[in-house]
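In what follows, a structure is listed as structure tokens, so that the remarks can point back to it.
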Amino acid sequence: MEVVVPGLPFRGRRARSAAVPDEETRAHVAGAASAAAAEVEPAPAAVPDLTAAAFFDVDNTMMVGASIFWFARGLAARKYLTARDMTRFVWQQAKFRIAGNESADDMHTIRESALAFVAGRPVAEIVQAGEEIYDELMADRIWAGTRVLAQQHLDAGQRVWLVTATPVELASIIAHRLGLTGALGTVAEVVDGHYTGRLVGELMHGEAKAEAVRALAEREGLDLSRCTAYSDSSNDLPMLTLTGRAIAVNPDTELRAVARSRGWEVKDFRTGRKAAKTVVPTVAAAALSGGLVGGALALRRRKVS
């Protein structure tokens, strides 16, 4: 291999002669020549581990607060939602999350009203808004500690999915921006590229998350006993108990107690002031992520006959 090293100025206060560079200069030239001659191979990629994977909840696990809250806030700024819409959604969902006594009639009412404003809207339009809203309101709210946990799985050659009640297209945007494999989220019916205003199946919440993970594992050939699930909420116990390893991240009181009793790892990235900030979007809107607005804004394309 022919190595061409550009001429380098002599170093030091005095050069012995133009033909005899000093020791420091010779060392510098030798180092440059060695680096130029080195044959560099690409950094080795992780050996794929095709039967193990990780599943991460989003709200308060991967992101500070409720992702659907930030999404709805961004849509409101774009005049897709009115202040009255936001107030109604927050109240209805908070009633369910805090009191836990929402009736079937209440749920039906919330579903119908939430889906109404997306009916007839183009999918591409809302997806584009989602990309912009992620940059504006979500990117800076990713928990650095949880991001590191996800990267550890990727570095081990494992695939990593988000599993959330958040609209599947919004969840996919988050996953893509974080370099993850993909996302499982709530799906809304779409015909000819436009929303019909109807939900496909049910919200990706509770047992539905476990069902989604089971279906994905079967499709992808995953061994669930080798997989890991992460969440902050006791609502995700069906998913957490499905995998061979469960880790509570920023856990609520009930999940912390369950984790302690079962010997699960606990990772808490909240500290005083930061934890207090998390409460604002959570009380007012975490319900949105575990409730119907997630279904209303779900953006997955689905053809129906």
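Tell me, what is the percent relative contact order of segment 166-238, built from C-alpha pairs under 8 Å that lie six or more residues apart?
23 percent
Mind listing the long-range amide H neighbours of residue 191? Cut-off is under 5 Å, sequence gap 5 or more, other chains count too, H placed in the peptide plane at 1.01 Å from N.
Result for residue 191 returns 196.
Which value, to two decimals, describes the C-alpha radius of gyration of segment 53-269 once divided by 2.2 N^0.38 Å?
After normalising by residue count via 2.2 N^0.38 Å, the value is 1.01.
Explain nothing, just the number: relative contact order of segment 53-269, from Cα pairs under 8 Å at least 6 residues apart, as a whole percent.
Here the relative contact order equals 23 percent.
Label points 7 Å out from Cα along the Cβ direction at residue 84 and residue 33: separation in nm?
Distance between label points: 8.2 nm.
Which value in nm describes the separation of the simple spin-label points at residue 207 and residue 132, placed 7 Å from the Cα toward the beta carbon?
Inter-label distance under the simple model: 4.1 nm.
If I take R0 = 25 Å and measure r between the Cβ atoms of residue 73 and residue 268 in this structure, what FRET efficiency does the formula 1/(1 + (r/R0)^6) give, to the nearest 0.05?
0.45
Each value in this text was obtained by applying a stated rule to the coordinates, not by laboratory testing. Note that the structure is a prediction, hence the values are computed from the model and not measured. We place every Cβ from the backbone using ideal geometry, glycine too, and count neighbours over all the protein chains shown.
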